[in-house]
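Only one structure is covered here, and it is reproduced in the block below.
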Amino acid sequence: MPGFSKGGSCWQLIFEATDLYNADFSNFIEEYFTTSTLDYTDDGQEQISAYAELGFDEDAFITEAGLRGISLPPYHKQLLESSNWLKDYVIEYAPVEIADFLIYGIHEKTIPATDKIPLQIYAATAFGSEHPTTRCCIKALCELHAKGFHPRKILDMGTGSGILALAASKLWPSAVILAADIDEEAVIVTLQNAAANHTDENLTAIQSDGYAHPLIKENAPYDLIFSNILARPLIDMAPDLYQNLAAGGYAILSGFVADQEDWVVDAHQKQGLKKIKSYQIEDWRAALMEKKQ
């Protein structure tokens, strides 16, 4: 579905909560809608909400799901009337602890009490601070840091809100970090988040279709590359990742489910990377890989 303005009103589709959504359904919603969120009910169930323009064609949505063999759970559609639906209805998520970090939203008036590293996020086009793949990636970053890994150059490919780049900047403040995303608004939000967290001195965000931006090549090779997107683009970009990763460097890959892990890992192993460890939360997976010297 094409992108749309975050100002004005929109339609919200709230899907019936469940213990764990089918991965095919979750991936379909993430691909079909420009913006979707995964929240948790008071009893710990998952609940997906999707957001669409006022011209949303519900019949076309249902038809597309059927063509893909996706069984849609019951959902409620409602109109969100607002001058800025994103700010008014979406971003007020509760603070969440992930590994060494506490992630909280811009609506919080003060930094929540914590002994962890605080990160303030204006999620905008890329939510998912609580998404299992984000958790997996942050855990992998924290484990690398705990082992004494000190990257000098870091690339975040498909940065979204910039949350992983921000976490890396907090862990390795002396590193030079480049965050790239195909979505211009994601780049803007990443820069806003970097400024809010005082990480903008060593973090640069650029709009790029994969590794195409010349600045990515100019800064290569990178000691650490992480990419939390989807299985297919990860596979397609495996050769570019290998070429831009320094010998002895690490890659953290995520955004795929259990039955896609072998495809993603194999594509990178064929380029010469070795899988070091897998991370899993529910059906979601992340892989830590190394480029041998």
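Rounded to the nearest 10 degrees, the inclination of helix 258-269 to the longest alpha-carbon principal axis of the chain is 30 degrees. For the residues T18, T133, T204, a GNM of the chain with alpha-carbon springs under 10 Å puts the largest fluctuation on T18. Close amide-amide hydrogen proximity is noted between K153 and V176, D223, L224, each under 5 Å apart and 5 or more residues distant or on a separate chain (H modeled in the peptide plane; Pro and chain starts excluded). Where does the charge balance sit around A246 when Lys and Arg score +1, Asp and Glu -1, over other residues with C-beta under 13 Å from its C-beta? Local charge sum for A246: +2. For the chain, the solvent-accessible area of protein heavy atoms averages 45 Å² per residue (probe radius 1.4 Å; ligands and nucleic acids excluded).
Over the heavy atoms of D200, what accessible area does a 1.4 Å probe trace out, to the nearest 10 Å²? D200 has an accessible surface of roughly 80 Å² with all protein chains in place. Think of each Lys and Arg Cβ as +1 and each Asp and Glu Cβ as -1; about the Cα centre, that makes the dipole of the chain roughly 1420 debye.
GNM on the chain, alpha-carbon springs under 10 angstrom: the most fluctuating residue among A65, A52, A246 is A65. Put simply, the range 171-293 fits an ellipsoid with semi-axes of 24, 17, 14 Å; these come from the alpha carbon gyration tensor as the roots of five times its eigenvalues, largest first.
Calculated mean residue ellipticity, 222 nm, the chain: -8500 deg cm²/dmol, from DSSP H runs (n ≥ 4) at -39500 (n - 2.57) each, averaged per residue and rounded to 500. When nucleic acids and ligands are ignored and a 1.4 Å probe is applied, E46 ends up with an accessible area of around 10 Å². Once the convex hull of all Cα atoms in the chain is built, its volume per residue stands at 131 Å³. Only protein atoms count toward the accessible area here, which uses a 1.4 Å probe; on the chain, the carbon and sulfur part of that area reaches 47 percent. Hey, if you put +1 on the Cβ of every Lys and Arg and -1 on every Asp and Glu Cβ in the chain, which of W11, F28, A195 ends up farthest toward the positive end of that dipole? Farthest towards the positive end: A195.
Sorting H76, H268, H150, H213 by solvent-accessible area of protein heavy atoms yields H150, H76, H213, H268, largest first, with a 1.4 Å probe.
The values are calculated or read from the model by the stated rules, or taken from the named source; none is laboratory data. Since this is a predicted model, take the numbers as computed values, not measurements. Quick reminder, even Gly has a Cβ in these numbers, built from the backbone with ideal geometry, and neighbours come from all protein chains shown. Surface accessibility is based on the protein's heavy atoms, side chains included, excluding ligands, DNA and RNA. Shrake-Rupley method; radii C 1.70, N 1.55, O 1.52, S 1.80 Å.
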